[in-house]
Amino acid sequence: MKFPHEGVGLLFQYPEYGKRWIGSVVSGLGNQVGWMGLVWLAMDLSGSAASIGIVTLLYQLPQALLAPVAGALLDRYPRARAMALANLALAAVFTLIPVLAHAFGRPALWAIFGLTAFAGAILPIDTTGAGPLVAELVPRDRRSQANFLNQTALAVVYLAGPALGGVWVAGFGPIAPLYFDAATFLCLALLMWSIAPARPQPVAGRQGFWIDLTAGTSYLLRHRPLLAMSILSLLFNLFYGPYMVLIPALAQSHLGGPAAQGLVWMAFSLGALAGGMVCSSRRWPFRPSASLAAIIVLWGIVTFALAGVCTRVGPTCFVMFLGGLVFSPWGALVTTIRQHLVPPALHGRVFGTSALLTAAGTPIGAWLTGLLLPALSPSRILALAGAFTIGVGLAGGWWPAIRQLDAKEAEGRSAGIPV
């Protein structure tokens, strides 16, 4: 059957992949709603907004630190089943949190903090497995479209999820959204359990778990183009970090408050959604090195442009829409390159190690922005970040190790590796 949009057609042509995509949308919306419920519950129980920082740290830090461990597990055991069990455990955690809060009130706060950290430790099994699972379920020549379609799912989630979560918390309080989040984790778990692998799972773990755990790092260190791409991703995330601090600051000081902040991020999500739909409609035709460098340079131009309009809501939303368009191909391209250049038996470990390396970029960028903000205006910081980002993109296009990605990709395509 011929579909007018090739990317959407993947959901029907490869139904096992379609199950994962649908489950990701449902669970992603649940995560956004549940996160709103969790932070408001923590504030209600503690009586302090500082609890938001504690919850965020407890949820996000284990995700970064334990991604290599998750990757090693995903290479040892059937990936879809391991991801299903992780989502089942997450459903249990997000059921237990509101139960404890309802039964014990404020004394349950520390138990909720502990469960939040436990959820953050489990989640990498699902998130790290997403890229390797696409490589199992979709043929090589369609993977870039599948990865772009995944990006559109994220855009839909970030477009609708925060608004839905805010309305739900305002109307029903923070408890009900957490039960909804648990239900969506359960939905994803059932869909993942029903996925039949397209081929036998590669066998790993013959030499012990510690050697398995370090195999991803060893592989990256031996393959300079992949290591260079991870470093470039780290730098790109570093220059995304300022947005996490500056958009709220600008909303408070110039744009009109939280509603304007929501509009700005909605514009970004709309741009990302549009970019993902366009990119998933056809196979990516450009060289990897030129693509990665061009995205970073364009992001720098967007950041530089934002510096000139950031005190006005309309122009800021327009520039952020363009930013979403520019940003949308990055994650899908990096994922596709890793899927193509890493042996299937090492997918989980290399993806996990890469996640540990690149995840630090955004929080470090946000932290540095916070240090600069008392001394420099937001527009000045954006202008500096834009200039540095353009420099990083130009250097990335020149970097010989990044240019080697083109030859490696061509070699794999001609050899048909991996299938």
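The values are calculated or read from the model by the stated rules, or taken from the named source; none is laboratory data. Model, not experiment: these values are computed from the prediction. Note that we place each Cβ from the backbone using ideal geometry, even for glycine, and neighbour counts take in every protein chain shown.
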| message | Kindly evaluate S289 against the criterion of being outside the structural domain of A135 (by TED's automatic domain parsing) and crowded, with 23+ Cβ neighbours inside 10 Å. | response | yes
Among (1) surrounded by fewer than 19 Cβ atoms within 10 Å (Cβ to Cβ); (2) at pLDDT below 80; (3) assigned by TED's automatic domain parsing to the domain that holds Y14, G165 falls short only on (1)
Does P98 count as surrounded by 19 or more Cβ atoms within 10 Å (Cβ to Cβ) and not β-branched (V, I, T)? yes
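Pick from L186, L154, L190: which is closer than 22 Å to L123 by Cα, assigned to a helix (DSSP H, G or I) and touching a helix residue (DSSP H, G or I) at 6+ places or on another chain (Cβ under 6 Å)?
On inspection, the qualifying residue turns out to be L186.
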### Message
When you scan segment 171-181, do you find a residue that is crowded, with 24+ Cβ neighbours inside 10 Å, assigned to a helix (DSSP H, G or I) and not acidic (D, E), even just one?
### Response
yes
Please work out if T128 is hydroxyl-bearing (S, T, Y), modelled with pLDDT of 85 or more and within 28 Å of I195 (Cα to Cα). yes
When G275 is run through (1) in contact with a Pro (Cβ under 7 Å, 6 or more places away or on another chain); (2) more than 24 Å from Y158 (Cβ to Cβ); (3) at pLDDT 80 or above, the failure sits at (2)
Checked segment 193-245 for anything modelled with pLDDT of 80 or more, of a type in the set (G, A, S) and in a loop (DSSP other than H, G, I, E, B); matches are S194
Note on T311: of the conditions (1) in a helix (DSSP H, G or I); (2) surrounded by fewer than 20 Cβ atoms within 10 Å (Cβ to Cβ); (3) at pLDDT below 85, unmet is (1)
- Please verify whether segment 256-265 includes one or more residues that are closer than 21 Å to Y240 by Cβ, touching a residue at least 24 places away in the same chain (Cβ under 8 Å) and touching a Phe, Trp or Tyr at 6+ places or on another chain (Cβ under 8 Å). yes
If we take segment 318-405, then helices (runs of 4 or more DSSP H) inside it with 3 or more residues that are crowded, with 18+ Cβ neighbours inside 10 Å, assigned by TED's automatic domain parsing to the domain that holds L65 and among the hydrophobic types (A, V, I, L, M, F, W, C) are none
**OP:** Answer yes or no: is there a residue in segment 62-80 that is closer than 12 Å to T116 by Cα and among the polar types (S, T, N, Q).
**Re:** yes
| task | Assess whether V156 counts as being touching a residue at least 24 places away in the same chain (Cβ under 8 Å), farther than 20 Å from A359 by Cα and touching a Phe, Trp or Tyr at 6+ places or on another chain (Cβ under 7 Å). | result | no
